[in-house]
Structure formats: C-alpha cells, structure tokens
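S.K.: Take a look at this one; I'll ask things after.
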Ligand code: ZN
C-alpha cells in the first residue's frame with residue numbers, strides 16, 4: 001500500500017471526509033513530508049563523510065556544537081528535536097567540519113530513539129576518522145512527552161556517549177562540557 005493511501009486511511013479512520021477541500025491533497029503532501037523526514041535511510045555515510053577526510057597533525061579536541069536536528073521518535077512517530085554536540089580528538093586525520101553536521105542529519109532523519117542516535121553518531125565518527133576519542137551529547141525535547149502523555153513542555157532529555165580518550169580521561173569530558181556551555 002502506498003504511503004499516500006495509508007495517510008488517506010488514517011484520515012478516514014479519525015472520521016475525516018477526504019472530499020473536504022482542505023484535505024484534497026493532504027495524503028500526498030503528508031506522504032512527501034514523511035518521506036523527507038525519513039530520508040536518512042537513503043543516504044550513506046560514505047557519501048556524507050568519506051570524501052572529506054584530510055591529513056592533519058592536530059591532536060587537540062575538535063568540537064562542533066549546537067547542531068540543530070529534527071527527528072521522529074520511533075515509538076510514537078512524533079518529533080523530537082534539539083541540539084547535538086559532537087567532538088573528537090584527531091589521530092592524523094580530520095573531517096570537513098560540515099560533515100559532522102551532515103552525519104547528525106543522516107541519523108536524525110529516520111524513526112529514532114535519542115539514545116541510539118547518540119551512539120550511532122559516535123560509531124560513525126569512530127569508523128570514519130579512527131580518532132583518539134569521541135564524545136557526543138544530544139539535548140532534545142520530545143513532542144511525545146509535551147503534546148501527549150506527561151505533558152511537560154520544556155523538559156529536555158540529555159544523552160551522552162564517550163569513547164576512547166574521552167572515556168579514559170575525565171578531564172576531557174569536563175573540557176567538552178565547558179566548551180559546550182561557553
Ligand atoms: Zn515517543
């Protein structure tokens with residue numbers, strides 16, 4: 001069954017009249033929107049990252065913070081959105097900075113849970129840069145908590161992943177947190 005037909009069925013199931021003028025193209029538009037919001041499935045990380053890895057002698061932490069993202073919780077298909085902060089300590093190679101944001105996008109644009117998304121971004125960086133360490137932090141508001149359920153607007157869920165040097169050296173984690181807050 002096409003996604004468009006599925007949206008028509010949902011609207012019918014909630015008692016809507018699909019012939020109502022305002023809904024005429026809604027199943028088609030909703031299907032397009034949902035396809036876009038899940039387009040991360042059709043992007044490969046190779047496309048997104050591999051071509052922008054450069055040799056470097058830099059041994060210091062590289063942090064890209066406040067990467068805005070929009071995702072969908074896989075339990076309710078409602079949005080969760082917020083900011084990702086991604087850091088790594090290079091080992092002879094660095095990534096183009098925009099690629100870190102693109103990596104976040106690839107994993108955000110699909111039904112997700114925040115915990116897995118955090119780990120997937122860290123895994124991707126480890127695999128493609130083989131850095132000395134990786135730390136990823138995601139702060140997000142979940143519409144399934146604010147529009148329904150416990151209805152706590154403004155509450156944020158924070159997840160972090162530390163790998164390599166960040167896991168071994170607590171002071172690196174603190175530096176990361178200070179840089180994120182600065
Ligand atoms: Zn949810």
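S.K.: How tilted is helix 3-13 with respect to the longest principal axis of the chain? Cα atoms for both, answer in degrees (0 to 90, nearest 10).
M.R.: 50 degrees
S.K.: Taking only Cα atoms of the stretch 59-133, what ratio of Rg to Rh do you get with Rh as the Kirkwood inverse-distance radius?
M.R.: So for the stretch 59-133, dividing Rg by the Kirkwood Rh gives 1.00.
S.K.: Could you work out the helix-only [θ] at 222 nm for the chain, with each DSSP H run of four or more residues adding -39,500 (n - 2.57) and the total divided by the number of residues, to the nearest 500 deg cm²/dmol?
M.R.: One gets -12000 deg cm²/dmol as the mean residue ellipticity at 222 nm.
S.K.: So, one more: Of the residues 24, 152, 132, which exhibits the maximal mean-square fluctuation in a Gaussian network model of the chain defined by a 10 Å Cα contact cut-off?
M.R.: 24
S.K.: Take every Cα-Cα distance within the stretch 12-105, group them into 10 Å bins from 0 onward, and report for each bin the whole-number percent of pairs it holds.
M.R.: 13, 31, 26, 16, 9, 5, 1
S.K.: Nearest 10 degrees is fine. How inclined is helix 114-129 to the longest principal axis of the chain, computing both from alpha carbons?
M.R.: That helix lies at roughly 50 degrees to the long axis.
S.K.: Give me the angle, in degrees from 0 to 90, between the Cα long axis of helix 170-181 and the longest principal axis of the Cα atoms of the chain, rounded to the nearest 10.
M.R.: On a 0 to 90 degree scale, this one is about 50.
S.K.: How much of the calculated P(r) for the chain lies past 21 Å, in percent of all Cα pairs?
M.R.: 56 percent
Throughout, read-outs are computed from the coordinates displayed, never taken from laboratory work. Note that the coordinates shown come from a computational prediction; the quantities given were computed from them, not determined experimentally.
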